[in-house]
Amino acid sequence: MYMSTSATFTWDGGHFLLTQVYRIDGDNLRTGLTRDLAFSAEDRAESVRRASEVAQLFAESGVITMVTLISPYASRSRAS
């Protein structure tokens, strides 16, 4: 599973902090974590759920995580 990692500097009350940032991309998840899923509404919802779980694990370890997914369903996009 490919995910890009970068280090960024953030400004916090007059101090620069080195922050780890991780990007989870839907296209890249399909080669591993979600390779068993298709593009039905149910499978897309499961893909979002899995990506959210992975993002939560990174967040709990202090890593800022950006998840980039495309949803063709307006209701799902608003819920995210």
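The table below gives the values:
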read-out	value
From the options ARG49, ARG76, residue that is modelled with pLDDT under 80 and outside any strand (DSSP E or B)	ARG76
Matching residues, the range 21-46, being of a type in the set (Ser, Thr, Tyr) and either surrounded by fewer than 16 Cβ atoms within 10 Å (Cβ to Cβ) or modelled with pLDDT of 90 or more (or both)	THR31, THR34, SER40
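The values are calculated or read from the model by the stated rules, or taken from the named source; none is laboratory data. As the structure is a prediction and not an experimental result, all values here were calculated from the model. Because the Cβ atoms are built from the backbone with ideal geometry, glycine has one as well, and the counts that use them run over all protein chains shown.
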